[in-house]
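Peer 1: Attaching a single structure in structure tokens format; questions to follow.
The values are calculated or read from the model by the stated rules, or taken from the named source; none is laboratory data. Note that the coordinates shown come from a computational prediction; the quantities given were computed from them, not determined experimentally. Neighbour counts run over all protein chains shown; Cβ positions are idealised from the backbone, glycine included. The area values use the complete protein model at the heavy-atom level, side chains included, leaving out ligands, DNA and RNA. Shrake-Rupley method; radii C 1.70, N 1.55, O 1.52, S 1.80 Å.
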Amino acid sequence: MDSGKSSKSSSYSRANDDAPAKSPVVKQEPLEVLEQLCEWVFHLVARRLRRLSKNRRTLNVQDLLHSLLQIYFEDVLQEESSSSSRMGFLLKREQIVVVVKKARATLGAKEIGEQLLEDVVRYQAHHHCKSLVCFVHDPEGRIANPRGLEADLAKEEPMFVRVYVRPR
């Protein structure tokens, strides 16, 4: 995979062409960094970018999260998927997959919950995934019970799973 080309055995590709050779990171546990990104960093940056943008729809949740991940992690592999609702990033060294969803009129709590359950099953079988972090961006508050969705999907075994529905 060092060539930057995806192989048949992997559904990920490097998208770090603009990333520095070494990310300027503060030494933290990878899951702590991901929790901070989901808890407050993403929303803070997204809100500021929306203010700068004339068209609020130009904010791409997946691109923004990908850029933020590259600040903290050196090897971020972007999932190649035919479905835009199935975006994922593999932090290969850390053996963590991060999936991202954005709540909208056509993708509510039920659909997101179903997709995340499918993601859990999918990534339990992935040989490079020991932990799954699911980030659901819900800036309009479409998900009525976000803490319930998080609690329903969180688990420790056989794979660590955390869901963050933000902002609160």
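Peer 1: Give me the pairs: first residue in region 143-168 and over 18 Å from Val100 (Cβ atoms) and open to solvent by 20 Å² or more (accessible area, probe 1.4 Å), second residue at pLDDT 95 or above and of a type in the set (Val, Ile, Thr), beta-carbon distance under 6 Å, and six or more apart or on different chains, which are they?
Peer 2: Lys155/Val161
Peer 1: Please indicate, with yes or no, whether at least one residue in region 100-121 is part of a strand (DSSP E or B), crowded, with 17+ Cβ neighbours inside 10 Å and either modelled with pLDDT of 95 or more or basic (Lys, Arg) (or both).
Peer 2: yes
Peer 1: Would you mind finding the one in Ser81, Ser67, Ser85 that is modelled with pLDDT under 90, part of a loop (DSSP other than H, G, I, E, B) and more than 10 Å from the chain's Cα centre (by Cα)?
Peer 2: Values: Ser67 fails: part of a loop (DSSP other than H, G, I, E, B); Ser85 fails: part of a loop (DSSP other than H, G, I, E, B).
Unique residue meeting the criteria: Ser81.
Peer 1: Under 8 Å between Cβ atoms, which residue pairs at least 6 apart in sequence (or on different chains) link something in region 37-48 that is buried (at least 19 other Cβ atoms within 10 Å of the Cβ) with a partner that is at pLDDT 85 or above and of a type in the set (D, E, K, R)?
Peer 2: Cys38/Arg166; Phe42/Arg166
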